[in-house]
1. Please specify each residue of the stretch 29-52 satisfying the condition of being of a type in the set (Gly, Ala, Ser) and in a helix (DSSP H, G or I).
2. Step by step: first the residues of the stretch 29-52, then only those that are open to solvent by less than 40 Å² (accessible area, probe 1.4 Å) and more than 10 Å from the chain's Cα centre (by Cα), then the one that is farthest from ASP9 (Cα to Cα). Which residue is that?
3. Only one of (1) surrounded by 14 or more Cβ atoms within 10 Å (Cβ to Cβ); (2) more than 14 Å from LEU54 (Cα to Cα) is not met by GLU7, so which one is it?
4. Specify the residue that is modelled with the lowest pLDDT; the eligible residues are those in the stretch 53-73 that are part of a loop (DSSP other than H, G, I, E, B) and within 12 Å of the chain's Cα centre (by Cα).
5. Every residue in the stretch 32-52 that is farther than 26 Å from THR4 by Cα and touching an Asp or Glu at 6+ places or on another chain (Cβ under 8 Å), please.
6. All but one of (1) part of a helix (DSSP H, G or I); (2) closer than 15 Å to ALA66 by Cα hold for VAL12; which doesn't?
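The values are calculated or read from the model by the stated rules, or taken from the named source; none is laboratory data. Worth saying up front: this structure is predicted, and the values here are computed from it rather than measured. Please note: Cβ atoms are built from the backbone with ideal geometry, for glycine as well, and neighbour counts cover all protein chains shown. Ligands, DNA and RNA are excluded from the accessible area calculation, which covers all protein heavy atoms including side chains. Shrake-Rupley method; radii C 1.70, N 1.55, O 1.52, S 1.80 Å.
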Amino acid sequence: MTDTSREFDVVVFGATGFVGELTARYLADHAPAGTRIALAGRTEAKLEKVRAGLPPAARDWPLIVADSDSPASL
């Protein structure tokens, strides 16, 4: 999964929500090595909290602060 034309292979948008966090946890446990994953949501502090609670594979995943009401942030 290394398409070099994109910065990330997967961005979990809404990672601080119930389904987003479950998805992030699944990816941390099952994504192939080298998969470039980022967590996205509206609040950096909440994203940091979610990432801290994920398995070790997710510890260095980048965080993207973005709001669907703000197209420029996407």
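1. ALA45, ALA52
2. Step one: list which residues in the stretch 29-52 are open to solvent by less than 40 Å² (accessible area, probe 1.4 Å), which gives 31, 35, 37-41, 47, 50.
Still in the running and more than 10 Å from the chain's Cα centre (by Cα): 31, 35.
Details: ALA31: 11, THR35: 6 Å.
Checked the stretch 29-52; the qualifying residue farthest from ASP9 (Cα to Cα) is ALA31.
3. (1)
4. Start the filter on the stretch 53-73 by keeping residues that are part of a loop (DSSP other than H, G, I, E, B), which leaves 53-55, 59-62, 66-70.
Add one more test, that the residue is within 12 Å of the chain's Cα centre (by Cα), and what stays is 54, 59-62, 66.
Values: LEU54: 97, ARG59: 95, ASP60: 95, TRP61: 98, PRO62: 98, ALA66: 87.
Only one residue tops the list, namely ALA66.
5. Once the filter is applied, which keeps residues that are farther than 26 Å from THR4 by Cα and touching an Asp or Glu at 6+ places or on another chain (Cβ under 8 Å), the stretch 32-52 yields ARG42, VAL50.
6. (1) is the only condition that VAL12 fails.
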